[in-house]
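This report concerns only the one structure given below.
No value in this document is a laboratory result; all are computed from the given coordinates. Given the structure is predicted, the values throughout are model-derived calculations rather than measurements. Cβ placement follows ideal geometry from the backbone for every residue including glycine, while neighbour counts extend to all protein chains displayed.
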């Protein structure tokens, strides 16, 4: 993963930050990303950490993968269960609920719940 950060450190532009953030999002699970973020923030002094946190929070959106809300929700659901934080999953579930008719939304939510339960048991 060090090579990913080298791009950010060398180019020092926002576009590279977004590209590398997407790459880290696909390569690391939510717990590892949270640990890396916490470690980085704790290495900064208070003002720097506040500035970085404000920037990240003001730009934070669900980015990867873009929700397709297609009738084939299984592939999206498995990605969200495997990679997203609980708060991110909640937003995705709400978006699914608002995008499908009631029966489709119920099927999708039950499917995601079963995937999540299997993940917890494993």
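The table below gives the values:
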quantity: Cα-based helix-to-principal-axis angle, 46-59 vs the chain, degrees rounded to 10; calculated: 40
quantity: Calculated [θ] (222 nm, deg cm²/dmol) that DSSP helices of n ≥ 4 give over the chain, each run adding -39,500 (n - 2.57); calculated: -25000 deg cm²/dmol
quantity: Highest-first arrangement of 46-57, 18-29, where packing means the average Cβ count within 10 Å; calculated: 18-29, 46-57
quantity: Three-way shape call for segment 2-59 based on the alpha-carbon gyration tensor, with the a/c threshold at 1.5; calculated: oblate
quantity: Between helix 30-42 and the chain: long-axis angle, C-alpha atoms, 0 to 90°, nearest 10; calculated: 30
quantity: Helix 86-99 axis, angle to the chain major axis (alpha carbon atoms, nearest 10°); calculated: 50
quantity: Overall Cα dimensions of the chain, principal axis frame, Å, largest first; calculated: 49, 30, 27
